[in-house]
1. May I ask for the equivalent-ellipsoid semi-axes of chain B, computed as the square root of five times each C-alpha gyration tensor eigenvalue and listed largest first in whole Å?
2. For chain A, give me every cysteine whose Cβ has no other Cys Cβ within less than 4.7 Å, ordered by residue number.
3. Would you mind finding the longest exposed-site-free stretch of chain B, with exposed trypsin sites (Lys or Arg not before Pro) meaning DSSP loop and at most 14 other Cβ atoms within 10 Å?
4. Helix B:73-83 against the longest principal axis of chain B: what's the angle in degrees, Cα atoms only, rounded to the nearest 10?
5. Short version: which residues of the stretch A:322-354 lose at least 40 Å² of accessible area, all chains versus chain alone, 1.4 Å probe?
6. Measuring from label point to label point, each 7 Å out along Cα→Cβ, what is the residue B:385 to residue B:5 span in nm?
7. To check you understand DSSP bridge types, tell me what percent of the beta bridges within the protein assembly as shown (both residues inside) are antiparallel, rounded to 5.
8. Considering all projection directions equally, how large on average is the shadow of the alpha-carbon convex hull of the stretch B:106-246, in square nanometres?
Amino acid sequence: MADLSNRFAGIKSPNPFWLASAPPTDKAYNVERAFKAGWGGVVWKTLGEEGPPVVNVNGPRYGAIWGADRRLLGLNNIELITDRALQTNLREIKQIKRDWPDRAVVVSIMVPCEEESWKAILPLVEETGADGIELNFGCPHGMSERGMGSAVGQVPEYVEMVARWCKQYSRMPVITKLTPNITDIRKPARAAFAGGSDAVSLINTINSITAVNIDTFSPEPSIDGKGSHGGYCGPAVKPIAMSMVSEIARDAEMRGKPISGIGGVTTWRDAVEFMALGAGNVQVCTAAMTYGFRIVEEMISGLSAYMDEKGFASLDDIIGRAVPNVTDWQYLNLNYVTKARINQDLCISCGRCHIACEDTSHQAITSSVDGKRMFMVKDDECVGCNLCVNVCPVEDCITMEPLAAGALDERTGQRVPDRYANWTTHPNNPMARVNEPAE
Amino acid sequence: MSTGQFAKGLAGGRLSPEQYAENFSDLHQPFTEHEARVEADRCYFCYDAPCMTACPTSIDIPLFIRQISTDNPLGSAKTIFDQNILGGMCARVCPTETLCEEVCVREVAEGKPVQIGRLQRYATDTAMSRGVQFYERAPSTGKRVAVVGGGPAGLACAHRLAMHGHAVTVFEAREKPGGLNEYGIAAYKSTHDFAQGEVDYVTAIGGIAIETGKVLGRDIALSELAADYDAVFLGMGLGGVNALGALGEDGAANAVDFIAELRQSSDLSALEVGRRVVVIGGGMTAVDAAVQAKLLGAEEVTICYRRGQGHMNASRFEQDLAAAKGVTIRHWLAPRAVRVEGGSVTGIELEYTRLEGTTLVGTGETLVLDADQVFKAIGQSFVAAGLNGSGEMIATESGRIRVDERGRTSMRGVWAGGDCVSGGEDLTVEAVAAGRDAAESIHRTLSGGGIDG
């Protein structure tokens, strides 16, 4: 059986599945249940500075979007950091770490952007024996209005500054959690590492309004008729998160730095995808909040079976494996020519490929052949866009087949060249780099 | 002597009141809102959808289902009613398994079609239970149209004519309008007096007067109607029942009468049913009669059909329903003699049959089934007698009224549609389409001739 053990920024855990800093990790009771279920680690729900407890709304904290059978696709929340007393949390963290020494216990922290505040809390956390800290620079709601959370994460200089304080006043590994509510994720990530962060984790939640009640015209979740943007997470955000993770993983300055992947991880496959794109481990929240802690059993068994099938001995065989394949558009092979192929034995004749292509794309799929209802690709019109594949309800019924080198592309009337060529050298590109003959 | 369920001969009160209520409740429970949305989500919104082509009334099925999935059941109902004002009943009685659902791509793909009928019921029930009316009468045209027969064809025709501003009088032979919807289908397919509720919903548009107890050829004459009205639509259905051609024929009851009596009954326990019942036939009527006999408490119910399973007009779904309710279906048996002793049926003698080429022949071997009650359900026939005396004969073909593609009979100013017309499969939904289309033809004619004049 494959070895799932994980070492992330110096922190060991028996598997790469951590629970993200969120309601599931707010107290010992939950964390105990999580560890019993098999989770490799937790990031304790964010601690704030000593003082009067944080106050949450007393109405709904969550909004959601669903599929037809109420499958939860996306969740948002307006809950703040822990509203329990700092000392209570610290005591419980200490006890949990003592009782579960093999599991990763990382503590999320968010205090005002002042050196004294960080200097004050870091020793308290360190004293618990926690394995590391995660700097919450990501929460987009509530705390950001008070100059914390994403308000820090959106200013790379602040990110660097706070990370530096943390490294200065603590010996613990520092993970900086990034907000996706920013144009270029590489900027705060570079700042975090510049400040001495051992790792970054991303994404935190995305600014969102999940719904508007069209009777009362209140945004959801509605608090007495009003709503505030909340943090969006769950399966819906996974593609955004994976792109951001890959941007950091393939950045020349940050290549090889530890990244904890977060955002819609629901199954073992999601975890493999994040890790392939450069994540050293993954953090999970919404899936656990939807189905409970037991889902980690599926994650562990699925990941293990996949690794065995592939002959991967350890997670290192997966981590970053897809990163070299993430590139800029300009380097994509323009001589890679595909055509859609419809398997007539699998086709159920719903016609969705036809109407999608006919109405919105390239008029490359028939609706009838010789007067009979039949859907076939017209190679002389097909640009290989893949839309038909995506709208087809039958798996593998439509596939994109590459044309072999030398084959005729009926659309262009050209033979498929036998070599890679991209936009940078394309004759239509005014910026094309022409290879000057040597003098 | 046994009483209750096992009472010999014909007897009522075989079951408890609770059992009657349970047995005659909805065959298919209506969808809840959530169930409807989940089922609607299964629809692929096909291009040029096969289901729509298969529907005799051409309802835009993908659109109405999408409207359900987007929480717009009223819009959905309007999409249905635009094509089929009796969409509520059709949702209940259509043999969807041989129409829209048979060609649903999910039936093709996985043997589980989108439940179009139940979704249609969800949409139409929503609109009808809220009393939402989607159509207004056009300003009065001053034209008057007589509709003979208040069944699906007549009602659909009357509604469409009323929409166009014509004044319609419906002449119905029975006590209540509705035709087969009211008298001809199994009770568990139309519960809570749905048929009359639907008549009220359809006629609420206004401009439709219904005169019941008016039989063509007895109380009204076609020649008079043709003279008194600007147009006439004939939709009187089938008045006759085919004979068994067996000895002791009189001992056999008409399944259609049994079904009608059951539908009109306010106390099912008062209905007498045999302990052992035999139904002769292979269509929907045979199944409806057999299943309901069983549900009334008959101990043994047997359908005897003279050909094989594949020849039965009843759909496979209906056959399975009968089997599930405990009805035995026997094939290759033709009736020879109904046995009657002392005025009571005691059994039926049947002869085994087989096909010689395409000809059905008796094998000479016979079988006697003990029975207290024998029903015949071997088809109904058009009774042309009512048309007599109209001065001008209306042409028929295959024993029913002949019409052209616009529903016009051979008699000028007279249209016809539904079961009384030749062709088709005698489905409610076909009758609705015929009535609707005849109304459009009548309207074009009354609006100034044109192609239909």
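1. Ellipsoid semi-axes (Å, largest first): 37, 28, 21.
2. Cysteines of chain A left without a disulfide-compatible partner: A:113, A:139, A:166, A:233, A:285, A:347, A:357, A:382, A:385, A:392, A:397.
3. On the way: sites that count: B:8, B:130, B:218, B:412.
With trypsin sites (Lys or Arg not before Pro) excluded where exposed in loops, chain B gives B:219-411 as its longest stretch.
4. Orientation of helix B:73-83: about 90 degrees from the principal axis.
5. Checking the loss per residue gives A:348, A:350, A:352.
6. 4.4 nm
7. Details: 51 of 112 bridges.
Given both bridge residues lie in the protein assembly as shown, the antiparallel proportion sits at roughly 45 percent.
8. Working: hull surface 50.2 nm².
Dividing the Cα hull surface by four gives the mean projection, 12.5 nm².
The values are calculated or read from the model by the stated rules, or taken from the named source; none is laboratory data. Small disclaimer: the values here were computed from a predicted structure and weren't measured. Heads up, the Cβs are rebuilt from the backbone with ideal geometry, glycines too, and the neighbour counts pull from every protein chain shown. Keep in mind that these areas ignore ligands, DNA and RNA; they rest on the heavy atoms of the full protein, side chains included. Shrake-Rupley method; radii C 1.70, N 1.55, O 1.52, S 1.80 Å.
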